[in-house]
Number of protein chains: 2
Amino acid sequence: MSNLVAPHGGGPLHPLLLPEYERVEEKKRAAKLKQVPMSSRELSDLLMLGMGAYTPLQGFMGEADWRGACADMTLASGLFWPIPITLSCSADLADEISEGDDVALCNGSGDIFGVLNVEEKYSIDKAFECHHVFHTDEDAHPGVQKVMAQGAVNLAGPVKVLDEDHYPETYKGLYLRPAETRALFESHGWSSVAAFQTRNPMHRSHEYLAKIAIEVCDGVMIHQTLGALKPGDIPAEVRVKAIDALVKNYFVEGSVIQAGYPIEMRYAGPREALLHALFRQNFGCSHQVVGRDHAGVGSYYGPFDAHHIFDTLEEGALKTLPLKIDITFFCEKCAGMATGKTCPHDESERLNISGTRLREMFANKEVVPPEFSRVEVLAILSEYYDGLD
Amino acid sequence: MSNLVAPHGGGPLHPLLLPEYERVEEKKRAAKLKQVPMSSRELSDLLMLGMGAYTPLQGFMGEADWRGACADMTLASGLFWPIPITLSCSADLADEISEGDDVALCNGSGDIFGVLNVEEKYSIDKAFECHHVFHTDEDAHPGVQKVMAQGAVNLAGPVKVLDEDHYPETYKGLYLRPAETRALFESHGWSSVAAFQTRNPMHRSHEYLAKIAIEVCDGVMIHQTLGALKPGDIPAEVRVKAIDALVKNYFVEGSVIQAGYPIEMRYAGPREALLHALFRQNFGCSHQVVGRDHAGVGSYYGPFDAHHIFDTLEEGALKTLPLKIDITFFCEKCAGMATGKTCPHDESERLNISGTRLREMFANKEVVPPEFSRVEVLAILSEYYDGLD
């Protein structure tokens, strides 16, 4: 029997991706169905449903689940769920669809990714959703923007996922489904595993954070968000190479696993930290590193809101526990790495380099101090930036 | 309601120290009772019973509890207890005592510390006890030695404690009973607290370990064993001053509490690690730092036996969880503090200074490297060693 944490809800993993041999036939059938275009967020949620990361959901949420997830983070079944997982379409398109219909779920280019059996059509109060999930309805918030841009009607019901996009191919060995990370953890003999979420190469502060996690768990999974990059982001293959160099030179062998997954950030801060812990439970992680302003954006959330929200949950709502870590940095006076919780010294003693400043340093060929990042990591980033010139 | 971990057994704390106003009368009465001398270990256990650290025990264990604690770490009541807490006397003295008698418990000088109501007299198989508790019956083991040196008969029953020895006076402000540490934790607003056991001044490796604990708990209690010193040990007042200097200069204010308590080590390795966690639960600690070869001696226990034994417990046996930490050190290649679990580098990169070597360095006025110990701590130790000349 596995010693890993059980999937959310206590049952088995429930991936909604059809077996490969059924996909061709089902895609042919789907091509004849009414086509419903998905936003990039909706597609990323479909892929998460496909790989089993949203176990035990069977598809996109109906109105009762949507309302419960928004209002008190609880589905109609009583199960904990902090953010609604929904699919929308325009009112015109919805008029052409009847409850009971199967519809094809497509990306912007019309490629089919899944089939939804429409059990329910309903319209929502978007401000209500934003108010609860994002604690704001300001249009400047990128998560609010996407909800406001949704179609007027939500379509709900069970889905079959037919395609995982380019991810398994592009990120071979890195793109790992929950059943696969669980098998890997077991082959390492791990029972407690901390997930560390990142979309950046890892500098010394990230190394330190991962090492705190290793102290209290059997190992750490460096879990990378794949998918659309923002301008200035390091491409995944460079990032993976940099993290490999760090792990090879500064971690004990067998204490780190790198993995990637296709989520699109909502920037819902505390609520998203809960969702991260929830799906990390499905990946088999007993702990989730929750940093300062985890999944936040701008100044919408207090720096520790994502820590505190875990204290408000009923016992057993989530099995995956937060590892609440403050901001990490090198401190001259500590003569080592430290966090806001363990270093009493003045800001002026601390080495902080913003992402913008770091890019500038590479552009100007300035020397990045080894207290900020390991030489092996810097060499790989240098090479990448040199190639951009 | 308190958010701290509940005392062992789930009931209230049960200190067996009589209220101050009852002690004079009871001591007068005890002076007329049969006098039973205690070993230093038995006295330390009586003091632990007095302060409530051994809640919910009511006194020294009878035969069924003794046997259960030895054989499967379970009292007759079903409660988890990893090491027997017993009182012995010679066969001759036992012959003069009847079940039902009250006897006075004295130290070697005849000072009265408590009264035992003898409910039971029984002789034990000492080799059986040693085999289970120490995993050896070799007389070279200091814990085995003390069991073998015990009287032939154990006296069991409820105790009243009448005196806490010199501790409250000598270690004013440091000597804290479980009810007091709990009140302190609550006044700090802590709900999770890690106990870090030490009888030494803290160097950087100990600082690092305490800081790992702070990362995952609200605060740390540096819990110092008071009582008899071994030759070469730093006196408690110097140790406290050195730890104060460390805490003041290198820890965030309000993240550390120093406390002391009167236990005598048994060197039972893994079983003693469990006992440490058990009574730390009574002190209000949610976590107990368990280092490499915790409470071990010589090479009787594997370096991680005290880690593994926690994995064999039934769920709920103890509420206080182990923080299992490997050996800690400064590593040149890591350019910082690390542990055996997070540093992959060669021994030759690591700075290890034994206690003996450190004393030698002070004696020869050699410079102790700041990677080993903070200058503020070294200044206090230097002053102490200079005073010895």
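The values are calculated or read from the model by the stated rules, or taken from the named source; none is laboratory data. If you're wondering where the values come from, they're calculated on a predicted model, not measured in any experiment. For neighbour counting, all protein chains shown are included, and Cβ atoms are generated from backbone atoms with ideal geometry for every residue, glycine included.
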- prompt: Taking the stated definitions as given, is B:Leu274 of a type in the set (A, V, I, L, M, F, W, C) and either in a loop (DSSP other than H, G, I, E, B) or closer than 23 Å to B:Val377 by Cα (or both)?
  reply: no
message: Against the condition in contact with a helix residue (DSSP H, G or I) (Cβ under 9 Å, 6 or more places away or on another chain), surrounded by fewer than 24 Cβ atoms within 10 Å (Cβ to Cβ) and away from chain B (no Cβ under 14 Å), how does A:Pro231 come out, does it pass?
response: no
query: If you check A:Lys160 against the conditions, is it without any contact (Cβ under 8 Å) to a residue 60 or more places away in the chain and part of a strand (DSSP E or B)?
result: no
statement: Exactly one of A:Tyr261, A:Tyr267 is among the aromatic types (Phe, Trp, Tyr) and either surrounded by 24 or more Cβ atoms within 10 Å (Cβ to Cβ) or within 21 Å of A:Glu180 (Cα to Cα) (or both), and that one is A:Tyr261
query: For the stretch B:339-389, what are the residues that are touching a residue at least 60 places away in the same chain (Cβ under 8 Å) and of a type in the set (Gly, Ala, Ser)?
result: B:Gly355, B:Ser373, B:Ala379
message: Quick check on my filter: what residues within the stretch B:139-150 are in contact (Cβ under 8 Å) with a residue 40 or more places away in the chain and surrounded by fewer than 19 Cβ atoms within 10 Å (Cβ to Cβ)?
response: B:Ala140, B:Pro142, B:Lys146, B:Ala149
- prompt: Does B:Ser373 satisfy being touching a helix residue (DSSP H, G or I) at 6+ places or on another chain (Cβ under 7 Å) and either away from chain A (no Cβ under 13 Å) or of a type in the set (A, V, I, L, M) (or both)?
  reply: no
query: Across the stretch A:241-264, what is the total count of residues that are over 20 Å from A:Val193 (Cα atoms) and within 14 Å of chain B (Cβ to nearest Cβ)?
result: 2
task: Take the residues in the stretch B:307-332 that are hydroxyl-bearing (Ser, Thr, Tyr) and within 14 Å of chain A (Cβ to nearest Cβ), then tell me which one is surrounded by the most Cβ atoms within 10 Å (Cβ to Cβ).
output: B:Thr328
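Matching residues to (1) more than 13 Å from chain B (Cβ to nearest Cβ); (2) under 26 Å from A:Pro12 (Cα atoms); (3) small (Gly, Ala, Ser); (4) out of contact with any helix residue (DSSP H, G or I) (no Cβ under 7 Å at 6 or more places or on another chain):
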{"residue": "A:Val289", "(1), (2), (3), (4)": "no, yes, no, no"}
{"residue": "A:Tyr301", "(1), (2), (3), (4)": "yes, no, no, no"}
{"residue": "A:Asp305", "(1), (2), (3), (4)": "yes, no, no, no"}
{"residue": "A:Cys334", "(1), (2), (3), (4)": "no, no, no, no"}
{"residue": "A:Arg350", "(1), (2), (3), (4)": "yes, no, no, yes"}
{"residue": "A:Gly355", "(1), (2), (3), (4)": "yes, no, yes, yes"}
- prompt: at pLDDT below 95 and either of a type outside the set (Lys, Arg) or in a strand (DSSP E or B) (or both): does that describe B:Ile263?
  reply: yes
task: Residues being part of a strand (DSSP E or B) and hydrophobic (A, V, I, L, M, F, W, C): count how many of those fall in the stretch A:299-354.
output: 8
message: Can you go through B:Lys241, B:Lys211 and tell me which one is in a helix (DSSP H, G or I) and in contact with a strand residue (DSSP E or B) (Cβ under 9 Å, 6 or more places away or on another chain)?
response: B:Lys211
